[in-house]
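Coordinate-derived values only; no laboratory data. Since we're looking at a predicted model, the values are computed, not measured. In this analysis, Cβ positions are derived from the backbone assuming ideal geometry, glycine residues included, and neighbour counts consider all displayed protein chains.
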Amino acid sequence: MNIRKFGSIVFFTHILLGTLLVLNNALALDITIEQGVENPIPVAIVPFGWSQTSLAPIDLSEIVAGDLERSARFEAMDFKDLPQRPAEYKDVNFRDWRLLGMENLVIGQLVLTEAGEYEVEFRLIDVYKEKQIAGFRLPSTKAQLRTTAHEISDIIYEKLIGVRGAFATRIAYITVNQKRDGSKIFSLQIADADGHNPQILLESPEPLMSPSWSPDGKRLAYVSFEGKNSNIFVQDIKTGKRDNVAANKGINSAPAWSPDGSSLAMTLSKDGNTEIYIMHLESRTLRRITNNQAIDTEPNWSKDGKKLAFTSDRGGSPQIYEVAVRGGGKPKRLTFNGPYHARPRYSSDGNSMIMVTGQGGIYRIAILDLRNGFSDILTKARLDESPSFAPNDHMIIYTTTGARGTTLAAVSADGQVHQRLALQDGEVREPAWGPFLPRR
Amino acid sequence: MNTKSMIVLIFTAFLFACESTPEKADDAVAVEDQGTNLSDATDDASSEAQTYGTEDDETSGISSLDDPQGPLSVRIIYFEYDSSDIQFEYRETVEAHAAYLVANPNTIMTLEGHADERGSREYNLALGERRAQTVKRQMTLLGASPDQIRTVSYGEERPAIDDHDDYSWSQNRRVEILY
């Protein structure tokens, strides 16, 4: 399917990306929009100019258009309908665009510098006001050009929606493939947020679980059963070097990074019962947070680093509790409305929390407004789990199991946008949305 | 004699390592002839343990691990949803394995706890652990040494059946007894 051919159909538009892209033997995720917003913002993205006569190394405008379309909040103009293809501001004929009712225009060019590096210049233009909303020149390299395109998408998203886009981010996830002899291969992978550039970080015949990004996006903590028991590892993404940070008797699981990157909250049962501890990574010292005969697990840090939310069945059924990291005290119960709430994740702005909610044998993703205590169920399937916020809090990626197997899906925090992210073959689960790259 | 009182009697018999009950149950399970067939149990059985096998009784005594009909042949204990309570029907299984550990103090057993896929994965890992710990606690109450029993939880990561329906889930909520 041609990614440029979107027209006005946003609902049930299928965008297949990188279906055949194979890197490191990893298959790319196909992202499909299953539902979009009712009134997407129209935007025209003119193919970027290129300073050389040879073929451009990358089609930046296609990547930007794909990002914006996939968010389902924008409707990119079909390239064939563009009335003109200006690369510079002075060449824009505002009347042509106004006649088509096109409000937002993106133009730009890719320049090969004398030093052999790349520079991308782009402008976002308000057609009606005949005014530039944003203009940037971004230095890049051949290897970084896709990321640069995503950074452009992030800026456009921010200028038109008001919140920084999360296109130039990565996701981690676990895949499971069955071999011919029936045995399974588990792998920990990362990919760009658009599913491109998948890379295998670890493969194992034993289960892998619970990937968690370090706040700087350079390391992943995860659980591996390669030693015939759950153990926690921390792996450097670039070098592949890793440390087995928790290998006690019993459970070693649910690693969660503190916002300052110094510590991991985790679940251990070494003292006889599943409890939450905080490990200072450099000194490897442990501090116990919970002390209860019930199950206490799935810790997650509030973004200010002051609180931990976790799942506990101390009240008879799994519910979400919150406890102060310093000083402890009695954990406060946050969920009451329903028999099953688990796996909390705070939003970056601290205003809400996502979790799994179960009732009558149906498990879905819910969002709790921490300011007023109201909650909403965001998803529609029967077996949804493992929700993870995008760093801008706008989207939530999660695992869904149904007739089409176990795949990833994403839903916007307002419940309007629904996407599906699937592999052509095999199971994919436990997505973890990585942090923003540092701003430049 | 009904099954319930029978089991209580067996339970008592194992708990106190005393003589077995003289009654015979209609649904008694066959045990191997320990006099002629040297099983794992008799190979390294202590003198105390051998008294179990000397009684002419088909419902008690230390069974062979290899006996497909014996109580030790049951190696999986199934659980209800979000529960780690041992169902009544598995009492006999737990008792038989505990008695085997008592009779074979050098034997190490692994209890592998599992959960069905519903709900969150890390909670299910803890649930599998609690199931394995519950079985371990029962066995140690029956005299087995805690050092003889290793526990490990796989949560929902190693389902017995990969499908997504009630039957599969019932088969996946389990503790596997591994020697």
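Assorted remarks:
- Counted by neighbouring Cβ atoms within 10 Å, the residues A:Leu68, A:Leu160 run from fewest to most as A:Leu160, A:Leu68.
- For the stretch B:137-146, 3J(HN,Hα) computed residue by residue from phi via the Karplus equation (6.51, -1.76, 1.60; θ = phi - 60°) reads 4, 4, 5, 6, 5, 8, x, 5, 7, x Hz, glycine and proline entered as x.
- For peptide B:153-159, the mean count of partner chain Cβ atoms within 10 Å of a residue's Cβ comes to 6.
- Order of A:His341, A:His150, A:His280 - criterion: other Cβ atoms within 10 Å of each residue's Cβ, fewest first: A:His280, A:His150, A:His341
- For chain A, the residue among A:Leu308, A:Ala149, A:Pro344 whose Cα projects farthest onto the positive side of the dipole built from Cβ charges is A:Leu308.
- Of the peptides B:92-99, A:269-276, the order by per-residue mean of other Cβ atoms within 10 Å, starting with the highest, comes out as B:92-99, A:269-276.
- Proxy reagent accessibility, fewest Cβ within 10 Å first, across B:Asp166, A:Asp393: B:Asp166, A:Asp393
- Here is how the number arises for the protein assembly as shown: DSSP H runs of 4 or more residues each give -39500 (n - 2.57), the sum is divided by the residue count, and the result at 222 nm is -5000 deg cm²/dmol.
- Given 13 as the ceiling on other Cβ atoms within 10 Å, longest exposed-site-free region of chain A for chymotrypsin sites (Phe, Trp or Tyr not before Pro) in DSSP loops: A:129-335
- Shape category assigned to the protein assembly as shown from the gyration tensor of Cα positions, a/c cut at 1.5: prolate
- Nearest-20 debye value, the protein assembly as shown charge dipole, Cβ charges on Lys, Arg, Asp, Glu: 3140 debye
- GNM on chain A, alpha-carbon springs under 10 angstrom: the most fluctuating residue among A:Asn39, A:Asn104, A:Asn252 is A:Asn39.
- Between the alpha-carbon centres of the stretch A:406-440 and the stretch A:287-359 there is a gap of 23 Å.
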